[in-house]
1. When you have a sec, figure out the Kirkwood radius of the chain from all distinct Cα pair distances and drop it here in Å to one decimal?
2. Amide H neighbours of TYR142 under 5 Å, counting only residues 5+ apart in sequence or on other chains, H built in-plane at 1.01 Å?
3. Using Cα centres only, tell me the gap between the range 1-50 and the range 88-148 in whole Å.
4. Would you work out if the range 36-75 is rounded, prolate or oblate? Take a ≥ b ≥ c from the square roots of the eigenvalues of the alpha-carbon gyration tensor; rounded if a/c is under 1.5, else prolate when a/b is larger than b/c, oblate otherwise.
5. Using 10 Å bins from zero, what percent of all Cα-Cα pairs in the range 9-73 falls into each bin?
6. With no solvent and one point on each alpha carbon, what is the Debye value of log10 I(q)/I(0) for the range 87-152 at q = 0.18 Å⁻¹?
7. Using a simple charge model, +1 on the beta-carbon of Lys and Arg, -1 on the beta-carbon of Asp and Glu, nothing else, what dipole does the range 87-152 show about its Cα centre, in debye to the nearest 20?
Amino acid sequence: MGTLDGVGLDDLHAALEVVEGRKETLRVAVGIAYLHGVTPTELAEWFGLSRATVYDWLARLERLAEEPSAEALEDADRPGRPPKLSSAERDALSATLEDRPVEAGYGADAWTPALVERHVRSTFGVEYSRRHVRDLLYDLGYEPDSDGGWRRTG
């Protein structure tokens, strides 16, 4: 593992011709440098990687002996964690935010991240960090207003 058994410079140069992404190109460059005698420790230092990453990349490059370049070098999609609020819940939140907080039963004149966080927790039973609430507000088309609240853009 990580020795590029069965993969030569010609294989890496051919892969370099077809890769498109920055990270994939860097992986091939690491392999070429390795075959020219640069140690994994040096490669890690040169490229700001951990040695474990260098070894992982070399192991991936070994797959070029058996797989097409795209399959061996490209990262798989990582969709991330599913959203805590469903589409319907996001729509309901957005509709609530159209009105002033006092109309939703809060003693405030403007929606703030802290108030939205409280509303989401009490209405949907979902806990969000304050930073995530700000991200959610931006995603829903809101931005900070000069009064400390948030307003819909456009």
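Bear in mind these aren't lab numbers, they're just calculated from the coordinates by the rules spelled out. Owing to the predicted nature of the structure, the values given are computational and were not obtained by experimental measurement. A quick note on method: Cβ atoms are made from the backbone with ideal geometry, for glycine too, and the neighbour counts reach across all protein chains shown.
1. On the way: mean 1/r = 0.0516 Å⁻¹.
Kirkwood hydrodynamic radius for the chain: 19.4 Å.
2. Sorted by chain and number, the residues that satisfy this are THR153.
3. Spelled out, the Cα-based centre of one part sits 48 Å from the other.
4. On the way: a/c = 2.86, a/b = 1.97, b/c = 1.45.
Since a/c reaches 1.5 and a/b is larger than b/c, the shape of the range 36-75 is classed as prolate.
5. Result, from short to long distances: 23, 59, 18 percent.
6. Ignoring solvent entirely, the Cα scatterers give -0.58.
7. Details: 9 positive and 13 negative charges, 42 e Å.
I would put it at about 200 debye.
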